[in-house]
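Data first, discussion second: the structure below is written as structure tokens.
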Amino acid sequence: MSCSENTNVDPGDRLEALDDAVAAAAFRRLVRHLRHRHDAQNIDLMGLAGFCRNCLADWIRDAGAPLDKEQAREIIHGMPTAEWKVRFHREATPEQMDRMAESLKKNAPAP
């Protein structure tokens, strides 16, 4: 299970009617917030919400952005991934890994 497997798209959901410019502005604000909050580690985001910065990078590619994986991650991180890792990444603890594994199970589509 990954962060990209569960889209839960419902055509009747009012989110689908949201103006693309408004949705894009909200997305950019989220990305800028995550760029500011380097203390919110990807492993913690995965453990709590089942997605992280790297998932956002995957999602922009899934949406049609003509980028490779590294280019997409650089957009989300605001810098090359290697630099972001050196500056901000901390190794995950076994507890964080377990929490992430449990959280990812919740990403499965509802029956």
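The values are calculated or read from the model by the stated rules, or taken from the named source; none is laboratory data. Small disclaimer: the values here were computed from a predicted structure and weren't measured. Quick reminder, even Gly has a Cβ in these numbers, built from the backbone with ideal geometry, and neighbours come from all protein chains shown.
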request  = May I ask you to say which residue of Ala49, Ala23, Ala40 is closer than 20 Å to Lys85 by Cα, surrounded by 11 or more Cβ atoms within 10 Å (Cβ to Cβ) and at pLDDT 90 or above?
outcome  = Ala40
ask   = Taking region 32-49 only, how many residues are in a helix (DSSP H, G or I) and more than 21 Å from Leu104 (Cα to Cα)?
value = 4
query = Being in contact with a helix residue (DSSP H, G or I) (Cβ under 7 Å, 6 or more places away or on another chain) and either assigned to a helix (DSSP H, G or I) or modelled with pLDDT of 95 or more (or both), is that true of even one residue in region 1-17?
reply = no
query = Which of the following residues is modelled with pLDDT of 95 or more and farther than 26 Å from Leu15 by Cα: Arg87, Arg28?
reply = Arg87
ask   = For Asp58, which of the numbered conditions (1) over 27 Å from Glu102 (Cα atoms); (2) acidic (Asp, Glu); (3) buried (at least 18 other Cβ atoms within 10 Å of the Cβ) fails to hold?
value = (1)
